[in-house]
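The values are calculated or read from the model by the stated rules, or taken from the named source; none is laboratory data. None of the values given here were measured: they were computed from a predicted structure. Positions of Cβ are backbone-derived with ideal geometry, glycine not excepted, and every protein chain shown enters the neighbour counts.
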Amino acid sequence: MRGGGWGRRTLIAIPYAWLLVLFLAPFLIVLRISLSDFAISQPPYSPVLDLPACFGEADLPAAEGEAPDLLSCLGGWADQFWGLVEEWDFDNYIWLTQDNIYWLSYITSLEIAAVSTLLILLIGYPIAYGMARAPKAWQPTLLMLVILPFWTSFLIRVYAWISILKTEGLLNQFLQGIGLLDEPLVILGTNTAVYIGIVYSYLPFMVLPLYATLVKMDESLLEAAQDLGCTRFTAFWLVTIPLSIPGIVAGSMLVFIPAVGEFVVPDLLGGSETLMIGRTLWTEFFGNRDWPVASAVAIILLLVLVVPIVLFQRHQDRAQEAGR
Amino acid sequence: MRRFTWFNATSITLGFVFLYLPIILLVIYSFNDSRLVTVWGGFSGRWYGEALRNDAFLSAAWNTLQVALVTATVATVLGTLAAIVLVRGGRFLGRTLFGGMVYAPLVMPEVITGLSLLLLFVSLDVPRGLMTIMLAHITFAMCYASVVISARLVSFDRSLEEAALDLGCNQFSAFLRVTLPNILPSIIAAWLLSFTLSLDDLVIASFTSGPGATTLPMRIYSQVRLGVTPEINALSSMLVGLVTVGVIVASLISKRAETRRLAAERAAR
């Protein structure tokens, strides 16, 4: 697709416009609504901008910014927007700082996501390493076995743990059956269950990028290290680990970022004391129907995650460049 | 001196036991006759019958299927375009932003994506239903699709396309007759991935759906919150079985296509 011309421009414009309208624009709306008042109405927030007047009829051409009437409309919208700066109120954000539940949710989410990421790295690395060293003929099958759970419903995989972790569940039946326990363990409804759920459901996301970097590694580097006097362990520590850092970073980001906002795992496996921000946002939205506060929760969560997301994108871009 | 040690073998085995045991237990216990889910009461397939006779499940499954088919098809087309832009687009205004918008949805927490799309639909006054779920699913599925396809496109040998141009194809037909058949396996993989992503999604669908537009994960979730039931076990096992068969068949087909392509390349040499 070299050269300029209309073909190339249209090619770029179609996916670009789609993502602008359905990915980027929604964030601006969330930001806007997080700055408005809660109102008992449908929709449950006080209108600050007259968006439908602009976008009501035509929503798709909005991103191309070529139709002149649209430009003036956007201009009017911008005027409205800045005119309202004085009216913005940060009540929702102030509210977030005053209620402990939000603080605790953010802290707990970050903690659970960070510890889970570390656990997944410790469990996933030996698996990926083993796969990369397995005979070449097995590798496609092993790879498919890691990918297969990824295709199976997340909800079902989390659900499968309920009957295992219940007080009268399969794990306790087993442990009592072999005489290891007298009293059943209470796991379901605790943070332990949440850790198990997150480690289980995100493990393939770590193994795949790790495997991808480890399998490409040049074995002669290890031989060189051993010739130069390294033991097998120090060679692993000084050569293999540093060379697999791209995979570690990619895997950790793929696990950590979605885990912070995880909803299904804490909701199904956690107890009432498992405050995770995804669940708090869900309750705020569906339970309390306070859309402005839910939006403020989302905006803060996004700010918390901006750094890891940018790291992840840098990595993806670099991988793209390297592949070329 | 690639050595496959006992340690390697053990870690792979334990890893796969951990990944598969819960699913296998779920499938085994779906054949449990007892209503008490974790107490074995003999072998029976009756919960499969009950699940298949449940109208709420069936209508939700139909909704899900419609959404997933439309999502997979549109997302694959858009994802292919996005991949071409990413790999071949060169420099253009806002390329960094474009790359960001393609990669960010891969890691964006679902609650944020769901909430933001719902607020978009509400402020544009779009009536919510299956249509809005499709729009939401297409948006995140196209990003996965473009990642899958661009990985293939990056490794594609461009000299083949140049040869087609030299032999008198124009750019469009060179793409259609040389590039497209070459990246076809990744396009099929992208379609399947988009399809299952849409099939599985609970959070984004819950935010963007409207009255009457309940998808299967939403139905399962509302039942699961009340506890484990044998019908859900049976339904889940059916879904797991379906996906497993689908993935295995797809990978066999793509393996055969790959072998055939390699053989053809060798013959051409």
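Couple of notes before you dig in:
- Test: residue in the stretch B:158-169 that is within 13 Å of another protein chain (Cβ to nearest Cβ) and hydroxyl-bearing (Ser, Thr, Tyr): no
This table checks each residue for (1) assigned to a loop (DSSP other than H, G, I, E, B); (2) touching a strand residue (DSSP E or B) at 6+ places or on another chain (Cβ under 8 Å); (3) of a type in the set (Phe, Trp, Tyr).
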position	(1), (2), (3)
A:Glu273	yes, no, no
A:Phe285	no, no, yes
A:Val293	no, yes, no
A:Ala298	no, no, no
A:Val306	no, no, no
A:Leu311	no, no, no
A:Ala319	no, no, no
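- Taking the listed residues A:Val264, A:Val260, the one that is of a type outside the set (Asp, Glu), within 11 Å of chain B (Cβ to nearest Cβ), under 15 Å from the mean Cα position of the chain (by Cα) and more than 24 Å from A:Tyr93 (Cα to Cα) is A:Val264, with no other qualifying.
- Residue under evaluation B:Arg91, criteria (1) outside any helix (DSSP H, G or I); (2) more than 9 Å from chain A (Cβ to nearest Cβ); (3) under 28 Å from A:Leu170 (Cβ atoms), criterion not met: (3)
- The C-beta contact set for the stretch B:186-214 (first residue more than 19 Å from B:Ile248 (Cβ to Cβ), second residue acidic (Asp, Glu), distance under 6 angstrom, 6+ apart or interchain) comprises B:Val203/B:Glu110; B:Ile204/B:Glu110.
- The single residue among B:Ala267, B:Ala189, B:Ala263 that is among the small types (Gly, Ala, Ser) and in contact with a helix residue (DSSP H, G or I) (Cβ under 7 Å, 6 or more places away or on another chain) turns out to be B:Ala189.
- Any chance A:Leu222 is surrounded by 16 or more Cβ atoms within 10 Å (Cβ to Cβ) and without any contact (Cβ under 8 Å) to a residue 40 or more places away in the chain: yes
- In the set A:Val264, A:Val304, only one residue is modelled with pLDDT of 85 or more, surrounded by fewer than 19 Cβ atoms within 10 Å (Cβ to Cβ) and within 28 Å of B:Leu118 (Cα to Cα); that residue is A:Val304.
- The numbered conditions (1) buried (at least 16 other Cβ atoms within 10 Å of the Cβ); (2) under 18 Å from A:Gly124 (Cα atoms); (3) modelled with pLDDT under 85; (4) not basic (Lys, Arg) are all true for A:Phe256 except (3).
- Residue tally, condition in contact (Cβ under 8 Å) with a residue 12 or more places away in the chain, more than 7 Å from chain B (Cβ to nearest Cβ) and under 17 Å from A:Ala259 (Cα atoms), over the stretch A:272-324: 13
- Residue in the stretch A:133-145 that is in a loop (DSSP other than H, G, I, E, B) and at the interface with chain B (Cβ under 7 Å from one of its Cβ atoms) present: yes
- Within the stretch B:176-231, restricting attention to residues that are among the basic types (Lys, Arg) and closer than 30 Å to B:Gly42 by Cα, the residue that is surrounded by the most Cβ atoms within 10 Å (Cβ to Cβ) is B:Arg219.
- Whichever residue in the stretch A:108-136 is under 26 Å from B:Leu193 (Cβ atoms) and without any contact (Cβ under 8 Å) to a residue 24 or more places away in the chain and, among such residues, is nearest to the chain's Cα centre (by Cα): A:Gly130
- Residue list for the stretch B:34-67, restricted to those being within 27 Å of the chain's Cα centre (by Cα) and either in a loop (DSSP other than H, G, I, E, B) or closer than 22 Å to A:Lys166 by Cβ (or both): B:Ala51, B:Asn54
- Among residues of the stretch B:135-157, those that are in contact (Cβ under 8 Å) with a residue 40 or more places away in the chain, within 11 Å of chain A (Cβ to nearest Cβ) and among the hydrophobic types (A, V, I, L, M, F, W, C), counted: 10
A quick yes/no check of all residues on (1) more than 21 Å from B:Ala60 (Cβ to Cβ); (2) within 14 Å of the chain's Cα centre (by Cα):
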residue	(1), (2)
B:Ala190	yes, yes
B:Leu202	no, yes
B:Ala205	no, no
B:Ser209	no, no
B:Arg219	no, no
B:Leu235	no, no
B:Ala257	yes, no
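- Residue match in the stretch B:106-118 (condition: surrounded by fewer than 22 Cβ atoms within 10 Å (Cβ to Cβ), in contact with a Gly (Cβ under 7 Å, 6 or more places away or on another chain) and more than 7 Å from chain A (Cβ to nearest Cβ)): no
- Number of the exception - B:Arg3 against (1) exposed (fewer than 12 other Cβ atoms within 10 Å of the Cβ); (2) at the interface with another protein chain (Cβ under 8 Å from one of its Cβ atoms); (3) within 20 Å of B:Ala234 (Cα to Cα): (3)
- Candidates are the residues of the stretch B:243-257 that are of a type outside the set (A, V, I, L, M, F, W, C) and farther than 18 Å from B:Leu197 by Cβ; the one that is nearest to the other protein chains (Cβ to nearest Cβ) is B:Lys255.
- Subset of the stretch A:305-324 (residues that are within 21 Å of A:Pro26 (Cβ to Cβ) and out of contact with any helix residue (DSSP H, G or I) (no Cβ under 7 Å at 6 or more places or on another chain)): A:Val306, A:Val310
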